[in-house]
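Heads up: the structure comes next, in structure tokens.
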Amino acid sequence: MPLDTASFIARLAEAFPGPALLAGDDIPARNLHDTSFLPDVTPLAVLRPDTPEAVAEAVRHCSEAGVPMVPQGGLTGLAGGAHPIDGAVMISLERFSGIEEIDPASATMTVRAGTPLEVIQKAADEAGFFIPLDLGARGSCLIGGNIGTNAGGNRVIRYGMTREMILGLEYVLPDGTLVSGLNKMLKNNAGYDLKQLFIGSEGTLGIVTRAVLRMHPKPGCVNAALCGLGSYEDVVKLLAEARRGLGPMLSAFEVMWPDYWQVVTETVGTRSPLEGQHAYYVLLETQGLEEEIDGPRFMSWVEKVYEAGLLEDAAISQSLSDVQRFWDVRDACGEFMTRLGPHCAFDIGLPVTSMDAFADACRSRLAAAMPQALSVYYGHIGDGNLHIVALDRAAADQPMSQISAIVYDTVRDFGGTVSAEHGIGLLKKPYLPYTRSAEELALMARIKAALDPAGLLNPGKVIDAPIGDRT
Ligand SMILES: Cc1cc2nc3c(=O)[nH]c(=O)nc-3n(C[C@H](O)[C@H](O)[C@H](O)COP(=O)(O)OP(=O)(O)OC[C@H]3O[C@@H](n4cnc5c(N)ncnc54)[C@H](O)[C@@H]3O)c2cc1C
């Protein structure tokens with residue numbers, strides 16, 4: 001039976017009085033899109049429940065009426081995972097925000113899914129702990145979205161992805177069942193580790209409501225070096241030396257190709273902390289316990305690799321503001337949208353040794369198809385994660401699908417992954433088979449069909465599954 005929209009909205013208004021329901025002209029512009037630059041879509045309504053039970057009730061209402069739902073967090077996602085769907089209800093966690101508990105003895109923090117990442121970082125800092133998850137969108141993204149995407153960011157080389165930081169999870173299944181597993185124990189092998197299904201599945205299997213995060217000791221000191229290198233072979237050797245010589249202190253290993261450096265220093269206008277031009281630029285960061293011990297240790301390691309001929313030049317931080325100045329060069333990619341205009345952004349993954357050959361192949365394939373192509377390469381190379389920003393300077397409207405096809409075909413040729421950290425969402429869905437086998441895709445579809453037989457939770461995102469009988 002077709003949905004009677006008016007009476008469905010009236011039922012929602014009765015169940016969710018006040019600011020929890022936004023419909024019609026009250027739907028804010030911000031909920032019409034995420035950061036994937038897909039065209040705006042006006043949904044049926046936005047529901048903003050403020051308790052886990054209310055999230056469950058919202059899901060039950062939609063499920064019983066056969067109305068699709070899209071979980072929304074801070075809407076900073078770049079793959080279209082939180083982008084609205086025509087006729088769907090957005091379930092936004094933005095009003096279920098706050099830190100419920102900091103437990104110093106177990107070094108855990110229990111948070112609500114609508115809490116901004118930056119709020120969580122600050123609360124940990126004030127309690128003398130450290131939350132290593134960090135990304136450029138820290139002020140706007142919500143922890144529920146970070147969990148939904150299994151976000152990566154700047155310090156994966158030392159602490160791992162979001163998945164590694166989650167000890168317990170509470171979530172709502174597509175039928176409205178609230179499942180609470182707010183485990184605080186580091187070791188818990190009692191049966192299946194169900195929470196893993198809901199981390200990184202981009203809101204297609206359940207809606208996260210609360211999480212127990214693992215906190216780390218606050219670093220006592222941070223040191224960084226910005227290095228110029230002459231060959232990619234030396235970049236790979238430097239990474240191996242850094243892993244060996246700096247051990248667990250190594251907290252970031254970011255590589256920037258000269259095309260990136262040129263855009264950042266010339267178009268964005270960021271001041272280069274290094275003299276001269278180099279074939280590759282590496283930002284290395286360490287987090288130690290005591291400056292008196294770890295500062296000189298870092299300095300002598302940099303001197304050693306310099307004397308071994310791996311570095312052409314290096315600027316070494318003398319203060320935290322130097323560390324920030326070095327990161328400014330890496331974070332300048334946040335300016336690309338305003339400085340370069342519309343472009344395609346990629347977050348691919350590759351074996352570290354293939355990155356440079358991949359960049360060469362990608363650059364020349366793009367140039368062959370579009371003589372005015374600009375592509376720049378940079379990323380968390382210590383994690384095998386390369387970012388690419390590409391555009392055709394001759395095009396008024398960017399040929400997004402042509403650029404995507406060239407980049408992802410090259411990823412497939414090099415045996416990489418089409419997404420290292422941003423997820424699949426809508427944008428990369430056609431390319432998922434480039435990275436996952438037919439058997440893996442079939443298993444994903446079976447899991448989706450088992451948990452969401454009616455296909456109502458974030459339909460069309462990540463993977464399609466056969467729709468079951470809802471009667
Ligand atoms: C400037 C900038 C820098 C960025 N840097 C990085 C980076 O370094 N590393 C990185 O990984 N990403 C990065 N991103 C991408 C983005 O910030 C992350 O993907 C982030 O984790 C998304 O969080 P969000 O709250 O904005 O989620 P949204 O965009 O709202 O949602 C993302 C996905 O999660 C789902 N979702 C949202 N809330 C929930 C929930 N409660 N339960 C289940 N599913 C949910 C949505 O349906 C969607 O599929 C960056 C983005 C920007 C704009």
Legend entry - Selection status of Ile102, within 11 Å of the ligand (Cβ to nearest atom) and either more than 17 Å from the chain's Cα centre (by Cα) or not in a loop (DSSP other than H, G, I, E, B) (or both): no
Legend entry - Test for Met165: is it within 23 Å of Pro217 (Cβ to Cβ), surrounded by 19 or more Cβ atoms within 10 Å (Cβ to Cβ) and more than 10 Å from the ligand (Cβ to nearest atom): yes
Legend entry - Selection from segment 225-250 of residues that are closer than 24 Å to Ile388 by Cβ and part of a strand (DSSP E or B): Leu226, Cys227, Gly228, Leu229
Legend entry - Every pair of residues 6+ apart whose Cβ atoms lie under 7 Å, when the first sits in segment 293-308 and is in contact (Cβ under 8 Å) with a residue 60 or more places away in the chain and outside the structural domain of Leu238 (by TED's automatic domain parsing) while the second is exposed (fewer than 15 other Cβ atoms within 10 Å of the Cβ) and not in a helix (DSSP H, G or I): none
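Yes or no, residue by residue, for (1) under 29 Å from Leu12 (Cβ atoms); (2) touching a residue at least 24 places away in the same chain (Cβ under 8 Å):
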site	(1), (2)
Ala82	yes, yes
Val89	yes, yes
Ser106	no, yes
Val111	yes, yes
Gly114	yes, yes
Phe129	no, yes
Gly139	no, no
Ile143	yes, yes
Thr149	yes, yes
Inset, instruction - Would you check if Lys184 is under 23 Å from Asp103 (Cα atoms), modelled with pLDDT of 95 or more and touching a Ser or Thr at 6+ places or on another chain (Cβ under 6 Å)? - result: yes
Inset, instruction - Report whether or not Val156 is touching a residue at least 40 places away in the same chain (Cβ under 8 Å), of a type outside the set (Gly, Ala, Ser), crowded, with 21+ Cβ neighbours inside 10 Å and more than 9 Å from the ligand (Cβ to nearest atom). - result: no
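In segment 135-151, how many are touching a His at 6+ places or on another chain (Cβ under 9 Å) and either surrounded by fewer than 23 Cβ atoms within 10 Å (Cβ to Cβ) or not in a loop (DSSP other than H, G, I, E, B) (or both)? If you could, list the steps in order and put the result at the bottom.
Looking only at segment 135-151, we keep the residues that are touching a His at 6+ places or on another chain (Cβ under 9 Å), and these are 149, 151.
Restricting the remaining residues to those that are either surrounded by fewer than 23 Cβ atoms within 10 Å (Cβ to Cβ) or not in a loop (DSSP other than H, G, I, E, B) (or both) gives 149.
Looking only at that region, the number is 1.
With the requirement that a residue be near the ligand (Cβ under 10 Å from one of its atoms) and in contact (Cβ under 8 Å) with a residue 60 or more places away in the chain, what does segment 171-202 give you? Step through it out loud before you land on a result.
The initial filter retains those residues of segment 171-202 that are near the ligand (Cβ under 10 Å from one of its atoms), namely 171-172, 198-202.
If the condition is that a residue be near the ligand (Cβ under 10 Å from one of its atoms) and in contact (Cβ under 8 Å) with a residue 60 or more places away in the chain, then Val172, Gly200, Ser201, Glu202 are the ones that fit.
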Inset, instruction - Please give the number of the condition Pro132 fails out of (1) surrounded by 18 or more Cβ atoms within 10 Å (Cβ to Cβ); (2) within 16 Å of Val208 (Cα to Cα); (3) more than 8 Å from the ligand (Cβ to nearest atom). - result: (2)
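The values are calculated or read from the model by the stated rules, or taken from the named source; none is laboratory data. Model, not experiment: these values are computed from the prediction. Virtual Cβ from ideal backbone geometry, glycine too; neighbours counted across all protein chains shown.
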